[in-house]
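Contents: one structure, followed by commentary.
Each value in this text was obtained by applying a stated rule to the coordinates, not by laboratory testing. Values in this document were obtained by computation on a predicted structure and should not be read as measured data. Virtual Cβ from ideal backbone geometry, glycine too; neighbours counted across all protein chains shown.
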Amino acid sequence: MSPDYPDKEPLALADSASTFAPAATVVAPRTLVIEFTGSGSEYFRIWIVNLLLIVVTLGLYFPWAKVRRLRYFYGNTVVDGDPLGFHGSAWTMFKGFVVVAVFMGLYSLAGHFSQGAGFVAFLVIAGLWPALLKAAMQFRMANTSWRGLRFGFSGSTAEAYRACLPLFVPGLLLLGLMLLAPAGQGQGPTQQTSPQWLGVFVLVILFTVTIAPWLMWNLKSFQHRHYRFSSETTRFTVLAKSYYWLSLKILGVAVLAYVFLIIAFVGAGLMASVATSKGPMAGILMGTAAVFLSIVAFSAIKPYAVTRFQNLIWNGTESENLQFESNLAVRSMVGLTLKNWFLILLTLGLYWPAAAVAMARLRLAAVQVSSRVSPENLLASSGSLAGQAIGDASGDFLGFDIGL
């Protein structure tokens, strides 16, 4: 969880909180308020203990630290006056932690033999990732509750692989090119950097950038079409072209940031050359100003992307009786991000827990759910469906959580 994007878990809960079941009687639409009630001082105590124990145990405490963090953030995510709950077992999450650690170890070991072996190992791990993704979603939803009722995730393994299809295309293309390359192509530093191979890598990078919006849309569509609570299941109405259009806008913001960066440094260099004649301190101040302006310019890229994607995703998530609405403002995200970064640097990192809480509060406050379902009737009508989400966790890979 980063200070820019610290509320990943609460938003995932907001996803699942949107999937209320239809009641027997449809009522007039009303707003279910979602808010975050945690405080920086409370989370600091959890965060500092987790950090120390992770260091002391050489990382083995990570699953237990994650459970404590999730229970805090879930328990402080309040929907219509009632908090969500997280019931995941640290031992179960530890199994997923070990699986991922073993995979990464094998990948690292294969890379020591040859680049080809490392790349093949990477493809094997990538081939298993969709199944792990689906199992992790099942685990997370089956261990999330609201008013005592568990959520669920109905996506299948086949759907997970279809969603991840764009991820494999560039990898398979690159593998084929490596296998078809002339023998000895990679022997020696001059051959490794030949124009032919540089051209291949440029083409692969361009191809990856081209399909990245498709991959992001596929993954979000897979997730947001399968959240379930009782008999209510969410659907995703956002089209792939919306992801491409938004990605172009984000790319435009990034280009403007780079242009601003170049202008700032060129201008600072010219002014510094003049200022140094008046003393070294003037040149130092000019250089510092250029760096500061560059940080401000680049700090707008991620908040802009996070804000626009949150609004796009939640405004396109609905079910038969629910409609999400997100009105997160770019200005608020940029302002809070700059404030968080400044205070984190000023406190040598100790402000990070407060930054995470502040970001969670901002992003959840921007989300509303319009509901035609009475929560009381919802719980009363859930009946035998209440236990189905628990069964989801015993699916593929025993419901491992892989850190998503």
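Under a crude label model (7 Å from the Cα following the beta-carbon direction), how far is residue 106 from residue 210 in nanometres?
That separation, rounded to one decimal, is 3.3 nm.
Among 342-350, 94-102, how do they line up from the highest to the lowest mean number of other beta-carbon atoms within 10 Å?
So the peptides 342-350, 94-102, ranked by packing, come out 94-102, 342-350.
Quick one: which residues, 5+ away or cross-chain, put their amide H under 5 Å from the amide H of residue 235? H built at 1.01 Å from N.
So residue 235 has HN proximity to 318, 319.
Which order do the peptides 46-52, 158-164 come out in when sorted by mean C-beta neighbours inside 10 angstrom, highest first?
Details: 46-52: 15.9, 158-164: 17.7.
Put in order of decreasing packing, that is 158-164, 46-52.
Compute the label zone of residue 48 within segment 341-359: residues whose backbone N is under 13 Å from the point 7 Å along Cα-to-Cβ.
349-354
Of the listed pairs 220/249; 95/134; 134/339; 66/134, which have alpha-carbon separations greater than 26 Å here? Display every interim value, and only then the final one.
Details: 220/249 19 Å; 95/134 16 Å; 134/339 36 Å; 66/134 19 Å.
Table pairs above 26 Å Cα-Cα are 134/339.
Ranked from highest to lowest mean number of other Cβ atoms within 10 Å per residue, what is the order of the peptides 105-113, 75-83? It would help to have the intermediate numbers written out before the result.
Working: 105-113: 12.9, 75-83: 17.4.
So the peptides 105-113, 75-83, ranked by packing, come out 75-83, 105-113.
Please give the FRET efficiency for residue 126 paired with residue 60, using the beta carbon to beta carbon distance and R0 = 30 Å, rounded to the nearest 0.05.
Working: r = 26 Å, r/R0 = 0.87.
It comes to 0.70.
How many angstrom separate the Cα center of segment 47-75 from the Cα center of segment 76-151?
Their Cα centres are 16 Å away from one another.
Between residue 91 and residue 345, what FRET efficiency comes out of the Förster formula 1/(1 + (r/R0)^6) with R0 = 25 Å and r the beta carbon distance, rounded to 0.05?
E between residue 345 and residue 91, to the nearest 0.05, is 0.10.
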